[in-house]
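Following: one structure in structure tokens, then a few remarks.
The values are calculated or read from the model by the stated rules, or taken from the named source; none is laboratory data. Note that the coordinates shown come from a computational prediction; the quantities given were computed from them, not determined experimentally. Cβ placement follows ideal geometry from the backbone for every residue including glycine, while neighbour counts extend to all protein chains displayed.
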């Protein structure tokens, strides 16, 4: 991957430039009916103007919109995202290349352990918990009141 040879600054610049060019793909007629969500669904009707790619209708996702290889799978911060479920998953990660996203089904206790270990390893956490910060402040605050 050529992303390793490029600087993080150049990568983030390229990511921002590319993401600005990709249109928002919206569901057919979602602008017409309130009951339809805007999330993408492929148009399948036999008379569908959008499926026929008629002028004046929103664009559909095609191969030409694919992300360039050197920025594919990279977070806008320039790090490669790694999903973590346990503390052991942090071993072998490079803090210059990898950033950690803690899985949503991980509970508070294990999340605290993962965040402390990530801090020790110098890894960036993409979804730090506010509750973890509150708990650590709360613990220190209680200790000061007792002492």
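State whether the residues of segment 13-31 include one that is under 21 Å from the mean Cα position of the chain (by Cα) and within 30 Å of residue 117 (Cβ to Cβ).
Yes, segment 13-31 contains at least one residue that is under 21 Å from the mean Cα position of the chain (by Cα) and within 30 Å of residue 117 (Cβ to Cβ).
Only one entry of 84, 63 meets the criterion of being surrounded by 11 or more Cβ atoms within 10 Å (Cβ to Cβ) and either over 27 Å from residue 127 (Cα atoms) or in contact with a helix residue (DSSP H, G or I) (Cβ under 9 Å, 6 or more places away or on another chain) (or both), and that entry is 84. From the list 77, 60, the one residue that fits, being more than 21 Å from the chain's Cα centre (by Cα), in a loop (DSSP other than H, G, I, E, B) and in contact (Cβ under 8 Å) with a residue 24 or more places away in the chain, is 60.
Cβ-Cβ contacts under 6 Å between residues 6 or more apart (or on different chains), taken from a first residue in segment 89-103 that is over 14 Å from residue 79 (Cβ atoms) to a second residue that is at pLDDT 95 or above and assigned to a loop (DSSP other than H, G, I, E, B), are listed as 103/85.
If I filter segment 4-37 down to residues being surrounded by 14 or more Cβ atoms within 10 Å (Cβ to Cβ) and modelled with pLDDT of 90 or more, which single residue comes out as nearest to residue 69 (Cα to Cα)? Step by step, filter segment 4-37, then rank; the result is 25.
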